[in-house]
Structure formats: structure tokens, C-alpha cells
Amino acid sequence: MKKIIKCPSCGHSTPYSPDNAFRPFCSERCKLIDLGAWASESYRVPDESNPPELLELDPFKLDD
Ligand SMILES: [Zn+2]
């Protein structure tokens with residue numbers, strides 16, 4: 001009796017069985033992608049969109 005599930009990573013149908021070493025994913029690649037997504041949520045990349053404080057300095061006033 002084989003159960004078919006959808007790969008959480010790519011959505012493709014894949015058998016949920018001991019034959020599938022990467023279940024519930026369809027492949028090792030999808031498993032790694034999911035682990036990577038989890039890791040990137042745990043270790044958030046610093047937000048580079050923060051406005052640089054240096055913009056508050058007016059370069060033309062440095063000679064004043
Ligand atoms: Zn997949």
C-alpha cells in the first residue's frame with residue numbers, strides 16, 4: 001500500500017514509502033531546499049535596506 005503525498009518543497013507527487021529516503025520530499029534536492037529555508041528563517045540575514053546614518057551628514061557643510 002503506497003501513499004502518495006505532495007512534496008512540501010516543489011509540490012510534485014511523491015510516494016511516502018520507505019523506498020523514498022527523502023520523504024516527505026521527492027528528492028534530496030528538495031529536502032535540502034527546505035532545510036535551507038528553515039535555516040535562513042532562524043538565522044536572519046541583516047537587513048541591508050536600513051537607511052545609512054551617514055546620509056544625515058551633509059558633505060558640503062564639512063568645510064564650513
Ligand atoms: Zn520536490
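The values are calculated or read from the model by the stated rules, or taken from the named source; none is laboratory data. Since we're looking at a predicted model, the values are computed, not measured. All Cβ positions, glycine included, derive from the backbone under ideal geometry; neighbour counts span all protein chains shown. Each accessible area value is taken on the protein alone, full model and side chains, heavy atoms only, with ligands, DNA and RNA left out. Shrake-Rupley method; radii C 1.70, N 1.55, O 1.52, S 1.80 Å.
How much of the accessible area of region 3-42, in percent, comes from carbon and sulfur atoms when a 1.4 Å probe is used? It would help to have the intermediate numbers written out before the result.
Values: 1640 of 2900 Å².
About 56 percent, which is the carbon plus sulfur part of the accessible surface.
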For residue 13, the net charge from surrounding residues (Cβ-Cβ under 14 Å; K, R +1; D, E -1) works out to +4
